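Just below is one structure, and these are the notes that go with it.
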Number of protein chains: 2
Amino acid sequence: MELVKIYECLCDPTRLRLLNVLAQGPVCVCHFQDVLGEPQVKISKHLAYLRERGLVESERQGNWVIYELAAKPSRELQANLACLQECAQRIPVFKCDLARLKKIEPSCAWVRAGDPGKAPGQCRCG
Amino acid sequence: MELVKIYECLCDPTRLRLLNVLAQGPVCVCHFQDVLGEPQVKISKHLAYLRERGLVESERQGNWVIYELAAKPSRELQANLACLQECAQRIPVFKCDLARLKKIEPSCAWVRAGDPGKAPGQCRCG
DNA sequence: AAATCATATTCTTATAACGGAATATGCTTC
DNA sequence: GAAGCATATTCCGTTATAAGAATATGATTT
């Protein structure tokens, strides 16, 4: 059942945080590390988990990999992501993540702009 | 995180079916067996799982045990159960379960009425 | 109190998940 | 092509989950 696959993705705190951040737009892996404050392996593995199950998509831009929410989510996925968003608004961890994301945001405007030409020679996370 | 606990409850097909049925009102275990067509152990264990995590509550009425959704669900739980309901409407398994429930319903009106005095001497499931 | 019915628990086996350490891959720059 | 950076994968130990078989509990009827 697809619904079960979705819930399996949602039953880990790290993945919830990743999805919450992704709701704001595309993000590259190194920013996740900074925003969540979790080690690289952990982030990478959970992103892979989400990608394999179709919740997110990734695209390589030079040295970096940008992740974003699935472009064509099923009705069920849409509904559940919306529900998560609603819940996350009231939960401190998620709010903190978004706050940290905003601080970093200026330094990675090129990611959001989708303009790979502007990618710097070195990641300026942090 | 409470949200994670909720999603853990939701990431099993049997539990989703149980919750979908429970959205219609209180149900006793033997009816679940009939509606889902699953063995007693399976039903019982999944109900226990949901009870331990606060999604459902149970009450003994003579030989039978009646389950119902938590009386005071958290905001998060409410939101997610509503979301599940919305999704389930479109998924065949869940619709079939509700159809079977309706067929059985007349024989267990006493459960819904909450009138233990009317409990029959023998369960008339099926 | 013995038998019966409805439900719960225990035991076992198989499978999947998480996390961390170490290592590998893929680009880019020099 | 060697070095460096960002990301992914493999390996390992631990823990959680699911399902079925068998058994136990608790209430009711005879």
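The figures follow:
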quantity: Per-region count, the range B:14-41, residues within 13 Å of the chain's Cα centre (by Cα) and open to solvent by 50 Å² or more (accessible area, probe 1.4 Å); calculated: 3
quantity: Residue list for the range B:1-50, restricted to those being charged (D, E, K, R) and either under 23 Å from B:Cys87 (Cβ atoms) or facing chain A (nearest Cβ under 10 Å) (or both); calculated: B:Glu2, B:Lys5, B:Glu8, B:Asp12, B:Arg15, B:Arg17, B:Glu38, B:Lys42
quantity: Filtered residue count, the range B:1-11, keeping only those that are outside any helix (DSSP H, G or I) and in contact (Cβ under 8 Å) with a residue 40 or more places away in the chain; calculated: 0
quantity: Pick from the range A:42-56, criterion of a type in the set (Gly, Ala, Ser) and surrounded by 13 or more Cβ atoms within 10 Å (Cβ to Cβ), ranking: nearest to the chain's Cα centre (by Cα); calculated: A:Ser44
quantity: Complete set of residues in the range A:57-82 that are within 10 Å of DNA strand D (Cβ to nearest atom) and surrounded by 14 or more Cβ atoms within 10 Å (Cβ to Cβ); calculated: A:Ser58, A:Gln61, A:Trp64, A:Val65, A:Ile66, A:Tyr67
quantity: Any hit, the range A:52-63, residues being closer than 22 Å to B:Lys5 by Cα and modelled with pLDDT of 95 or more; calculated: yes
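The values are calculated or read from the model by the stated rules, or taken from the named source; none is laboratory data. Computed from a predicted structure; not experimentally measured. Backbone-built Cβ (ideal geometry, glycine too); neighbour counts: all protein chains shown. Areas reflect the complete protein model, heavy atoms only, side chains present, ligands, DNA and RNA absent. Shrake-Rupley method; radii C 1.70, N 1.55, O 1.52, S 1.80 Å.
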